[in-house]
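Below is one structure; the comments refer to it alone.
The values are calculated or read from the model by the stated rules, or taken from the named source; none is laboratory data. Everything quoted here is computed from the prediction, not taken from an experiment. Note: ideal-geometry Cβ built from the backbone for every residue, glycine included; neighbour counts use all protein chains shown. Please note that ligands, DNA and RNA were not included when accessible areas were found on the heavy atoms of the full protein model with its side chains. Shrake-Rupley method; radii C 1.70, N 1.55, O 1.52, S 1.80 Å.
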Amino acid sequence: MHLLLRNLRPFIVRNYHRKSAAALAAEINRDNVSSKYSEALEKFKDRILFNSLLEVQKIKIRKLDELTSSLVKKRLKQEDALGVIPLPVALNQLCDEKPKLEEKKELEVKKQKKQEEFTVASLPYSRFLKVQSSELEEPEEIIEDKKVVPNNWLKDYELYDEAEDELQSEYGTPDPNFPVTDVPCGGCGALLHCKDPSIPGYLPSEILTDLNEEEMKTVHCQRCHFLSRYNTAISVSVKPEDYINIISSIKDESALAIVMVDLLDFPCSIFPNLSNILGKTRPIFLVGNKVDLIPRDSQNYLENIKQSLKSEALKMGFEKKSIKHTALISAKTGYGVEELITKLHAVWKYKGNVYLIGCTNVGKSSLFNALLRSDYCKSEATNLIQRATASPWPGTTLKMLKFPIMRPSDFRVAQRAQRLAAERSAKYLEDEYRRQEAKDRKSIKHATLIGHIGRTFEKIEEHSDPAAHSHSGGYAGKILTLNEKDERYIQSKWCFDTPGVMHNDQILPLLTTDEILKVLPRHMIRPRMFFMKPGMSLFIAGLARLDFLDVPRLTRAIVYSSLHLPVTICNTEDADEFYEKFLGSELLRVPMNMNEERLSKWPKLEPLYDEIAIDGIDKHVSACDFVMSSAGWIGVNLPANTVGMFKPWIIGGKGVHVRKPAILLNGFNLRGHRIRDSPAYSIGDAYTYRKVFRKVNL
């Protein structure tokens, strides 16, 4: 009998190995896909050519298989010496894992039920929106004399005293009879009032009616307060025409427009007809923001990005002679801001006012704050102007904020140049250190573009004239605000932070806060590459789809999007059925929590074009980008002298653009290794420092 079992041992090991992998796969599928979709997945999984979430599971199973196999073989050798059959030991190990898997399953089921409790109020543009965070604590309630007031509600507004009969909600009581003030909110620029909570600049009447004008200048409206302190947004209703009217008011003014563009979402972040609104002859600075999130595919990738940005701006109606300068910056890390200020001093000088203009979520408020603490703002005014509220939600800035621009005299420009020259050596050493660390550690953190924003004139003007300030006491100590009527400011030129305009092609208004946080990348994008054949379709989450109708061999697709958005590949003939079955599941991830109410309002995937023909450049060079609004973009590599036919889809049939030239021509350099039995490559690096790159004449 012992000899028979020894002969059967390889068979037992192989089957134990397979069963353990299959059991784990079943557990993973049940954990990641709710019971509503598990049956559909079981029937459809053979028609899914690739899914990034399922691929991660396969890799884990494969590694577990290898580990299990090596452990079992090792155990067999040990038991061989003792003459004991190892099968019961393996079964005991498997049994030890079952309670952990069951416990994990119960936690995931509870989490799934909680997520399925979706209401329209969880959308960012509803009346109330709260971001879940472990750092935020629910406010405790104090019950005193039948009066319920959260103890941390607007706690920095010390004048609040709400009576029981006035308590309608935790947001205070509006008073339609109290007139709108002339004081703008320091966070968003809207005029403070207490008429209606849905209108920008609202403060509860319990607070606003007891403040004098000087005190009003020190507070933020309710929306900005909740946004900055509690990471909570209270939506407002503003007509798009109001935004356009504000921007149109500068059409006849001799001023410079800094047109800001989101490099992760252009041309969808360039407002249509903006060139007509500003005027054809309007001098503009074209500024691409969020360059720190763009992967580095070659040594000259920044020049390629500039070329692509200029090309799209010209297509949008801007004249070449009107574009005075093109800059790439990161308002978040400070990269390129000092160079932008130098160009503003050299090109525009002090000819007129400067306006920051762009769609929502392009980073205008962040750049405004950066310029406010730089040499571009008069140093004595920096601490007297409240910073703009910066947040990931579109539509934060509602009226125009401003600060006085420093006059760039020859003496000041020379002093500034001297400071920058003195810092250049240290900056060079830091860049070299970061580059070496990125090479050695394969660290995105060290490869990310950063910059430092300094000040040159703080000590020169620290003893400023008190007449330039307004003073008030008795409320939260001394109050200092900018006195615009002072002679040094009357003739000043100003830098304005204008409201954002919601582009019709943007899909962010359709998403909840949790979904927005998954869609918007927070770190440098890591491209994902796929080998595509005719008749395949590629999905980016549940937001966009690209059909490869008729493409040549060696066609590759490079997806540039947040890694939180899974990529799925299936045959085009199965694409409609796949999307219908798995919309709202973890397999597509975004959108999530699709109950019947939201599912009935969710727009369908629609094609903007029946088909698009793209000419190939080189199998290693991207011929174009298919921009899928805020979901990201797909670069397509086709061999030279070939033509590919494509059909892009997106929710609501909006936000699809074909971008030529591609923003990253050499994205092929960032690929990983080809995955076995899969159309995908492993996720590669987000950067390369190779000196050899292909120069393409476009």
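By the scheme Lys and Arg +1, Asp and Glu -1, what is the net charge of all other residues having a beta-carbon under 11 Å from that of ARG424? With Lys, Arg at +1 and Asp, Glu at -1, the net is -2.
Ordering of 440-448, 215-223 by packing is 215-223, 440-448, highest average first (other Cβ atoms within 10 Å, averaged per residue). Which entries of LYS321/LYS378; LYS619/LYS647; LYS581/LYS654; LYS310/LYS364 show an alpha-carbon separation above 27 angstrom in the structure shown? Too far apart for the 27 Å limit: LYS321/LYS378. For ASP618, nonlocal amide neighbours, meaning residues 5 or more places apart or on other chains whose placed amide H falls under 5 Å from its own, are LEU638, ALA640. Among GLU55, GLU597, GLU213, the order of accessible area from largest down is GLU213, GLU597, GLU55, computed with a 1.4 Å probe on protein heavy atoms.
Distance between the C-alpha centres of the range 254-283 and the range 309-374: 10 Å, rounded to the whole angstrom. Of the solvent-accessible surface of the range 259-360, computed with a 1.4 Å probe over protein heavy atoms with every protein chain present, carbon and sulfur atoms account for 52 percent. Under a 5 Å amide H cut-off, with hydrogens placed 1.01 Å from N, LYS332 pairs with LYS290 among residues at least 5 apart or on other chains.
Solvent-accessible surface of the range 313-372, averaged per residue with a 1.4 angstrom probe and all protein chains in place: 34 square angstrom. When you count the other C-beta atoms within 10 angstrom of each residue and take the mean per peptide, 263-272, 635-644 line up highest first as 263-272, 635-644. Highest mean packing comes first when the peptides 545-557, 286-298 are listed by Cβ atoms within 10 Å, giving 286-298, 545-557. For LEU401, the residues whose amide H sits under 5 Å from its own are ASP497, ignoring neighbours fewer than 5 places away on the same chain, with H placed 1.01 Å from N. Net charge in the neighbourhood of GLY336 (other residues with Cβ under 14 Å of its Cβ; Lys, Arg +1, Asp, Glu -1) is 0.
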